[in-house]
Structure formats: C-alpha cells, structure tokens
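Engineer: Structure below; questions to follow.
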C-alpha cells in the first residue's frame with residue numbers, strides 16, 4: 001500500500017499519515033508504536049470475516065512503513081499493548097463472544113491467562129478502548 005498515491009489509497013478507504021506524537025500510532029503488524037515522523041497507513045481490517053457470526057467486524061489499523069510481523073513469546077505483552085486501556089473480547093469456535101472486559105494493558109497477561117483456562121475460548125481480540133483500533137488477536141498457545 002505504501003507505493004500507492006493518495007487517490008489510490010482513498011479509493012481503498014486508507015490514508016497515509018505521519019506520526020506526530022509518541023505513542024499515538026500503534027502498528028498492528030509490528031506491535032510497536034510509530035516514532036514521531038514515521039510514515040504509516042491507516043486502513044481498515046476485517047478481524048472476524050465469518051458471515052455466519054453476528055460479531056463479524058472490521059476496525060481501523062495503523063501499519064508502519066517497513067513493519068515486520070511481530071511474534072511475541074507466550075506470556076509476553078508488548079509495550080504497545082501494556083501502555084493502553086484495552087477492550088478485550090474472547091470468542092469461541094463459532095465466533096460467538098463468550099467474554100468481554102475493559103482492561104488496563106499492564107493487567108492484560110492476567111486476563112488472557114484467566115480466559116484461556118476456559119476450553120470454549122478459541123481466540124481473544126484486543127482493541128483500543130477509546131478509539132476502537134484493532135490491535136491484535138491472541139491465540140491459544
């Protein structure tokens with residue numbers, strides 16, 4: 001998407017942006033905040049694309065130019081998540097929401113551990129609580 005001009009991005013519902021403040025543009029791919037002056041694309045991503053689920057949804061994401069996909073170790077909460085207030089949602093195998101909570105990111109690990117003790121929890125999605133950006137999906141280890 002970074003090779004596209006503004007008109008081509010707009011046609012896809014995306015925008016090129018420059019980070020103007022620290023910790024204001026969380027990259028969905030690298031799970032790190034963009035540095036001031038860094039170029040990003042703000043776009044929309046389907047996070048539940050199953051037409052049979054009433055929770056089917058999409059949300060805004062930031063992607064840093066040159067971002068590499070993050071693969072945090074089990075139990076590791078990236079700083080980008082730990083520093084934010086998060087909307088945390090657990091889904092079962094049919095993409096039905098079985099739990100939901102607003103969590104201070106520093107307590108995210110405890111919340112994930114608690115919900116993954118449930119056998120019906122398939123995946124947990126993280127969104128920013130204030131602006132609703134889709135941050136990450138957490139799968140059972």
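What follows is calculated from the coordinates using simple rules that are stated; it is not laboratory data. This structure is a prediction, so every number in the text was calculated from the model and none was measured. So basically every Cβ, Gly included, is an ideal-geometry build from the backbone, and we count neighbours across all protein chains shown.
Engineer: Show the residue pairs meeting these rules: Cβ distance below 9 Å; 6+ apart or different chains; first residue within region 18-33 and at positive phi; second residue part of a strand (DSSP E or B).
Structural biologist: 23/33; 31/135; 31/136
Residue-wise test of (1) in contact (Cβ under 8 Å) with a residue 12 or more places away in the chain; (2) surrounded by 16 or more Cβ atoms within 10 Å (Cβ to Cβ); (3) within 22 Å of residue 61 (Cβ to Cβ).
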| site | (1), (2), (3) |
| --- | --- |
| 82 | yes, no, yes |
| 93 | yes, no, no |
| 96 | yes, no, no |
| 123 | yes, yes, yes |
| 127 | yes, yes, yes |
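Engineer: So, in region 1-22, of the ones that are touching a helix residue (DSSP H, G or I) at 6+ places or on another chain (Cβ under 8 Å) and surrounded by fewer than 14 Cβ atoms within 10 Å (Cβ to Cβ), which residue ends up farthest from residue 128 (Cα to Cα)?
Structural biologist: Let us first name the residues in region 1-22 that are touching a helix residue (DSSP H, G or I) at 6+ places or on another chain (Cβ under 8 Å), namely 1, 15-16.
Next, from what is left, pick out any that are surrounded by fewer than 14 Cβ atoms within 10 Å (Cβ to Cβ): 1, 15.
Numbers: 1: 23, 15: 19 Å.
The extreme case among them is 1.
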